[in-house]
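For reference, the structure discussed in these notes is given below.
The values are calculated or read from the model by the stated rules, or taken from the named source; none is laboratory data. The structure presented is a predicted model; accordingly, all values stated were derived computationally and were not measured. Here the Cβ positions follow ideal geometry from the backbone for every residue, glycine too, while neighbour counts run over all protein chains shown.
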Amino acid sequence: MKELNQSQKFIKKFGHHDLEIEVGKLAKQAHGAVTVRYGDTVILATVVTAEEPAEGNVYFPMLVDYEEKLYAAGKISGSRFIKREGRPSDEAFLKARLVDRSLRPLFPKNYRNDLQIIVTVLSLDRQTDPGFLAIIAASTALSLTSSPFAGPVGAARVGIIDGKVVVNPLEDEMEKSDLDFVVAGTKNKVVMVEGDAQEVAEDKVLEAIEFAQKNLQVACEIQNEIKSKLGAKEIEKVDEEPEVFKAVRDKIGKDLEKIIKTSKKEDREEKLSEIKEKLLLEMEGDFKQADLSEAFDKLIEKEVRREILDENSRPDGRGENEIRPISSEVGVLPRVHGSGLFTRGQTQVLTATTLGAPGQEQVIETMEIETTKRYMHHYNFPPYSVGEISPMRGPGRRDIGHGALAERALEPVIPGKEDFPYTIRVVSEVLESNGSSSMAAVCGSTLSLMDAGVPVTAPVAGIAIGLITENADGSTKGKYRILTDIQGIEDFAGEMDFKIAGTSKGITAVQLDIKTYGVDHKILKEALKKAKTARLEILKAMAKTIAEPRRELSRYAPRITVMHINPEKIKDVIGPGGKVINKIIAETNVEIDIEDDGTVFISAENGGDGAKKATEWIQNLTREVKIGEIFQGRVTRIMDFGAFVEILPNQEGLVHISQLDDRHVKKVTDVVKVGDIIPVMVIEIDPQGRINLSYKAAKGKDRKDGIKKDRFFQKRHF
């Protein structure tokens, strides 16, 4: 592009605000750099590319980093010891995945040059989601480089508020939205969709995607304007079918046709491995091993595509809309609070549910929010699930992304805290994978939650829909087939992996990944329809195992007692420096969580007397006495004018000397001494809240009516 002597701005109206893109001001040594402003949110995107592919690259090594800066939101880290940004948050990983999945399909499949995109949030107004802006900024920065990027790509966030689809809604507006999608696309195609919904019908979901596709054209237009004004760089050309591919095809093409038709995955993979090993040995001197391996994989892809398109034959012999065999179990782990095992073909996921006290909620501090999370879904994909060996080093971006997808899918059916006050952690362990383990995790998690007795409002299931097109461009101009429940080899060979989860009522989460230049709305409509049919079939199969949540929690799950106290009494329960509440916890072996509105949660393992004792303790601490009540109180202090008696924890009243007996009392100690437990009646509460008691009235009332007294001191140990 032309060298810029000064920065240039390009502005177009886009929803609530102007979309402002500035080129040539920041990060000039990057190969492509732009700043995007929307409202008071400002994002810098930079791109650096390698001139030549690195030796041994067998895939496109594009690296996307999304940098959250706390200063962007005017924050300093809440940690006492670490004040600078550390490891990216899960939200940052998810935003990076949004960018990656929106842009990667727009590169040639055999492009191998290293490329790094860094998106940095410099300013955040807390009303704008930076995710869709990150896609726009990265796409624009790429357009300033010589990389073979077939953009531009635009993006938009959409919601459904009061039944109306809205583009780029503010965060305040999204609180009442039934849908939250980020959609990326080119001029004519949808490239990526990610989001959740509140059991929204398929036609409304499609309407939201189409609305976003229409509105994101603003971002595409402004990028085209930038390229036109600055002058486009010459794009690198990549040979789509190098000589090595032709040589491999001539040598083993016919053998692959026979092997691909093998129905069992393990047999097919064993035979393919043998023929690949032989190929690498025989052609070692003619081509590089990495190039031969890549050509071999590409030949498999082409053969799978040919059979599906021309012969309507899937690798395992299934029909176009056929789901692999499904089985499920619950209660498979004896000591966990809930467990579910879901198997679909050669994909198997075991999910465990753990219920905890409200105080075990996850504390989240990011650039955008400071909050807590009471429902968490974690996803683990160990290497043995695909028969591989690799180091176990914690969750990667894929694990975090799939866990977040399953979490979004189930969140709409999780009961509110007022109905089910537990903290809920769900963990999905992928035991075997051959296609759409994330959707199997959704199904397994539903089973596990119901087995745990979590009163979900409806069961949730998910399925992955694939696509094979004649022109490999995601269009409906030539032959194409939309496949239900794709397996690994179909995902590898196809253009689309459209994951759709929901209930029988509607969709709760979607994730669209493609490997082509986008898909049109006709394909999305057909895919949504097929996914609904499959989802209902899976839900029916799951219902045979467990149709509704268990009515009783596991005996190993904690029991939570909920009570409400006067918020002004919270300080009495906590005590100075937490002395009182810590004593209650220590003596009753419970967990206690108190909210600002006076709601108290008492959690006790396996029920027991601990919760009952703690409840009574707190009730007595916060109880407000009434005139006429009789208590068994303990004398705590003796004065010349009377005795002070503790009737409830931290609540004392005065028995004036005239209220000690019917006869005249010369000295208080003639009637009571410190430590005595005596019946007293509340006879007055003055405007300052001071309590006046009567010993003689309580004795007379007790003798006359035999009224049952509050025996607080007989229930407690001092």
Exercise. Considering every residue within the stretch 72-79, establish whether at least one is under 25 Å from the mean Cα position of the chain (by Cα), not assigned by TED's automatic domain parsing to the domain that holds TYR517 and not small (Gly, Ala, Ser).
Key: yes
Exercise. Would you check which residues across the stretch 594-640 are without any contact (Cβ under 8 Å) to a residue 24 or more places away in the chain and either buried (at least 18 other Cβ atoms within 10 Å of the Cβ) or closer than 22 Å to ASP676 by Cβ (or both) and list them?
Key: GLY610
Practice problem: Might you let me know whether the stretch 314-327 holds any residue that is of a type in the set (Ser, Thr, Tyr) and at pLDDT 85 or above? | Solution: yes
Self-check item: Residue list for the stretch 414-452, restricted to those being under 20 Å from ARG324 (Cβ atoms), part of a loop (DSSP other than H, G, I, E, B) and small (Gly, Ala, Ser)
Solution: SER433, GLY435, SER436
Quiz prompt | Subset tally (residues that are of a type in the set (Phe, Trp, Tyr) and in a loop (DSSP other than H, G, I, E, B)) for the stretch 366-413 | solution = 1
Quiz prompt | Residue identified as of a type outside the set (D, E, K, R), surrounded by fewer than 19 Cβ atoms within 10 Å (Cβ to Cβ) and either touching a strand residue (DSSP E or B) at 6+ places or on another chain (Cβ under 6 Å) or part of a loop (DSSP other than H, G, I, E, B) (or both) among PHE132, PHE60 | solution = PHE60
Practice problem: May I ask you to verify whether VAL183 is hydrophobic (A, V, I, L, M, F, W, C), at negative phi, under 21 Å from the mean Cα position of the chain (by Cα) and assigned by TED's automatic domain parsing to the domain that holds PHE60? | Solution: yes
Quiz item: Just for the stretch 580-593: of the residues that are touching a Phe, Trp or Tyr at 6+ places or on another chain (Cβ under 8 Å) and among the β-branched types (Val, Ile, Thr), which one is nearest to PRO358 (Cα to Cα)?
Solution: ILE592
Exercise. Select from the stretch 453-506 the residues that are polar (S, T, N, Q), farther than 19 Å from THR545 by Cβ and not in a strand (DSSP E or B) and list them in ascending order.
Key: ASN471, SER475, THR476, GLN487
Quiz item: Which one of ALA557, ALA527, ALA509, ALA531 is among the small types (Gly, Ala, Ser) and part of a loop (DSSP other than H, G, I, E, B)?
Solution: ALA557
Practice problem: Write out, first by first residue and then by second, each pair whose Cβ atoms fall under 8 Å of each other, whose residues are 6+ apart or on separate chains, and whose first residue, in the stretch 32-53, is surrounded by 22 or more Cβ atoms within 10 Å (Cβ to Cβ) while the second is outside any strand (DSSP E or B) and of a type in the set (D, E, K, R). | Solution: THR35/LYS25
Quiz prompt | Failed item in (1) in contact with an Asp or Glu (Cβ under 7 Å, 6 or more places away or on another chain); (2) of a type in the set (Gly, Ala, Ser); (3) over 30 Å from PRO395 (Cβ atoms); (4) modelled with pLDDT of 95 or more, with GLY39 passing the rest | solution = (4)
Quiz prompt | Qualifying residue in the stretch 452-464 (condition: of a type in the set (Gly, Ala, Ser) and surrounded by fewer than 24 Cβ atoms within 10 Å (Cβ to Cβ)) | solution = yes
Quiz item: Can you spot a residue in the stretch 595-618 that is modelled with pLDDT of 95 or more and of a type in the set (Val, Ile, Thr)?
Solution: no
Quiz item: Among VAL121, VAL99, which is crowded, with 23+ Cβ neighbours inside 10 Å, at pLDDT 95 or above, of a type outside the set (Ser, Thr, Tyr) and under 30 Å from GLU199 (Cβ atoms)?
Solution: VAL99
Quiz prompt | Residue list for the stretch 574-591, filter: within 35 Å of the chain's Cα centre (by Cα) and in contact (Cβ under 8 Å) with a residue 40 or more places away in the chain | solution = GLU591
Exercise. Name the one entry in ALA45, ALA27, ALA33 that is of a type in the set (A, V, I, L, M) and not in a strand (DSSP E or B).
Key: ALA27
Quiz item: Which residues, taken from the stretch 290-320, are assigned to a loop (DSSP other than H, G, I, E, B) and either among the charged types (D, E, K, R) or under 30 Å from ASP451 (Cα atoms) (or both)?
Solution: ARG314, ASP316, ARG318, GLU320
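So that you can scan it fast, the table gives a plain yes or no per residue for (1) crowded, with 24+ Cβ neighbours inside 10 Å; (2) among the polar types (S, T, N, Q):
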residue	(1), (2)
ASP491	no, no
LEU512	yes, no
LYS529	no, no
THR533	no, yes
Practice problem: Return yes or no: is ILE538 in a helix (DSSP H, G or I), under 25 Å from the mean Cα position of the chain (by Cα) and of a type outside the set (Gly, Ala, Ser)? | Solution: yes
Practice problem: State whether one or more residues within the stretch 439-454 are on the phi > 0 side of the Ramachandran plot and at pLDDT 95 or above. | Solution: yes
Quiz item: If only one of VAL332, VAL363 is part of a strand (DSSP E or B), in the same structural domain as SER437 (by TED's automatic domain parsing), without any contact (Cβ under 8 Å) to a residue 60 or more places away in the chain and under 26 Å from the mean Cα position of the chain (by Cα), which one is it?
Solution: VAL363
